[in-house]
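Everything on this sheet refers to the single structure shown next.
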């Protein structure tokens, strides 16, 4: 590499490729870095990443993306959380909401006081204290309102959107920042002293670069095909290995939440967009055939199917090295975990943000930087994996798939989380862990994780005084909910979708 990063080559488009293109074009283009994206119209993208989590708003702000324009272009809707249906047992459900739940009571964290009161029969279900959870269930939505310390001032939200339209929207943004798109299929990857020297296209052209980003999806042409960065398999913990997906007619009044519906051999997703609804069934092929999974998916649609179902095969895990030589893998080339908590697009965003903090300053990247990046991304994948495994482990369903998941060994990190929670309801968050105490509390209590006793610091406040404070929080949330318009009204204010 030269003293300055002269050129970045992104191989592969889709969500990951064009997210990278916008980021590098906006943040490095003005400094003279040439950014080229290579993709082929002949190669389809997976395009199942239609649900997101709140950090995407930070990413968009960094890139100067206007929220309304983005939502209009992608058929997007708002999202306040995820409703898990039947994950503990059939007929039961809970919401994993975004945002804050409750407030500290007498200097003690809300979670501790609520758990103590709940055990004493003096508290409502957790969702009663979350504005996001109640609004999602009621079909309401509002962006945060400047209103002092009201729950309306700190609403946490994300989006649902069409992944194909999102890539097209990002392409327009990237090209406005000087990114050059090259149409063509990669025919050969040329190795060099730094790792990758160039990619050769089927038309005979050669594209060289200083830094290469592999966004080629499951094929991982550069990071695995050329550099053999290795694969860490997690199928023993997350054994679902297939998904079948199909769009259906749009909901007339879509809820501002993603639905995750447990099925005998996996689960179904339901993602409401403005112009259609995204549906899918993630399943274990050892417990269910493709035809059976497809039939289950189609039987669960609430509207007319708009296309033929398509089956996607995948393996759960990640590259042993996300960064090798001068090549960094993003998106499906970096790894895959089922979209149970809508983390796929977040992992692209996270990979980019860490990379932008660790860009080479001249010459080959320092081994310490590469090692740090690989440790950071591995840690992020591991902690998300543990969160997903908890959903499967904590179940009381009777089907063979679910009994296997409840009895199967779990990762050490998750075992520690559950042991700490069992001992008085304690939840500890690692320094940079994606899911915070609120997220863990929602899932652990929503799926009846065992807990004994409570944090003794709560005893400084009499139980009835704590119950009264909890009742006040619940009333404030209920009052705030009345000031939120229907989600459908919030979407209507965006105007018509703009097809790209």
Conditions (1) crowded, with 22+ Cβ neighbours inside 10 Å; (2) touching a residue at least 60 places away in the same chain (Cβ under 8 Å): number failed by residue 132: (2)
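Which residue is nearest to residue 405 (Cα to Cα), if the candidates are limited to the range 246-261 and must be out of contact with any helix residue (DSSP H, G or I) (no Cβ under 8 Å at 6 or more places or on another chain) and not in a loop (DSSP other than H, G, I, E, B)?
261
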Answer residue from the range 94-107, given it is more than 21 Å from residue 484 (Cβ to Cβ) and surrounded by fewer than 18 Cβ atoms within 10 Å (Cβ to Cβ) and is nearest to the chain's Cα centre (by Cα) among those: 104
Go through the residues of the range 338-347 one by one and say whether even a single one is outside any helix (DSSP H, G or I) and either more than 20 Å from the chain's Cα centre (by Cα) or without any contact (Cβ under 8 Å) to a residue 60 or more places away in the chain (or both). no
Would the range 151-169 turn up any residue that is part of a loop (DSSP other than H, G, I, E, B), out of contact with any strand residue (DSSP E or B) (no Cβ under 9 Å at 6 or more places or on another chain), modelled with pLDDT under 95 and within 20 Å of residue 110 (Cβ to Cβ)? yes
Answer yes if at least one residue in the range 305-318 is under 30 Å from residue 373 (Cβ atoms) and in contact with a helix residue (DSSP H, G or I) (Cβ under 6 Å, 6 or more places away or on another chain), and no otherwise. yes
Looking only at the range 319-337, and only at residues there that are touching a helix residue (DSSP H, G or I) at 6+ places or on another chain (Cβ under 7 Å) and assigned to a loop (DSSP other than H, G, I, E, B), the one that is farthest from residue 194 (Cα to Cα): 337
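Test of understanding: among 81, 91, 76, 86, which residue is crowded, with 24+ Cβ neighbours inside 10 Å and more than 18 Å from residue 478 (Cα to Cα)?
76
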In the range 47-92, the residues that are closer than 30 Å to residue 393 by Cα and free of Cβ contacts under 8 Å to residues at least 12 places away in the same chain: 91, 92
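Tell me, which residue of the range 296-318 that is without any contact (Cβ under 8 Å) to a residue 60 or more places away in the chain and not in a loop (DSSP other than H, G, I, E, B) is farthest from residue 388 (Cα to Cα)? Break it down into steps so the answer makes sense when it comes.
Initial filter on the range 296-318 (without any contact (Cβ under 8 Å) to a residue 60 or more places away in the chain): 296-305.
Filter once more, keeping what is not in a loop (DSSP other than H, G, I, E, B): 296-299, 305.
Values: 296: 22, 297: 21, 298: 25, 299: 26, 305: 29 Å.
The qualifying residue farthest from residue 388 (Cα to Cα) is 305.
Name every residue in the range 389-409 that is under 26 Å from residue 116 (Cβ atoms) and surrounded by fewer than 18 Cβ atoms within 10 Å (Cβ to Cβ), in order of residue number.
396
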Going through the range 3-32 in order, the residues found to be crowded, with 20+ Cβ neighbours inside 10 Å and in a loop (DSSP other than H, G, I, E, B) are 5, 12, 13
What tally of residues in the range 2-33 results from selecting those that are touching a strand residue (DSSP E or B) at 6+ places or on another chain (Cβ under 9 Å), modelled with pLDDT under 95 and on the phi > 0 side of the Ramachandran plot? 1
Filtered residues of the range 466-495 (kept if in contact with a helix residue (DSSP H, G or I) (Cβ under 6 Å, 6 or more places away or on another chain), assigned to a helix (DSSP H, G or I) and closer than 18 Å to residue 257 by Cβ): 477, 480, 481
Could you tell me how many of the residues in the range 410-423 are out of contact with any helix residue (DSSP H, G or I) (no Cβ under 6 Å at 6 or more places or on another chain) and either crowded, with 17+ Cβ neighbours inside 10 Å or without any contact (Cβ under 8 Å) to a residue 24 or more places away in the chain (or both)? 7
Could you please let me know if residue 122 is over 20 Å from residue 428 (Cα atoms), modelled with pLDDT under 95 and surrounded by fewer than 18 Cβ atoms within 10 Å (Cβ to Cβ)? no
If residue 374 satisfies all but one of (1) in a helix (DSSP H, G or I); (2) surrounded by fewer than 23 Cβ atoms within 10 Å (Cβ to Cβ); (3) out of contact with any strand residue (DSSP E or B) (no Cβ under 8 Å at 6 or more places or on another chain), what's the number of the condition it fails? (3)
Among (1) touching a strand residue (DSSP E or B) at 6+ places or on another chain (Cβ under 9 Å); (2) modelled with pLDDT of 95 or more; (3) surrounded by fewer than 23 Cβ atoms within 10 Å (Cβ to Cβ) - the single one residue 239 does not satisfy: (1)
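The values are calculated or read from the model by the stated rules, or taken from the named source; none is laboratory data. Remember, predicted model here, so these are calculated numbers, not experimental data. Counting neighbours? That spans all protein chains shown, and the Cβs are built from the backbone with ideal geometry, glycine included.
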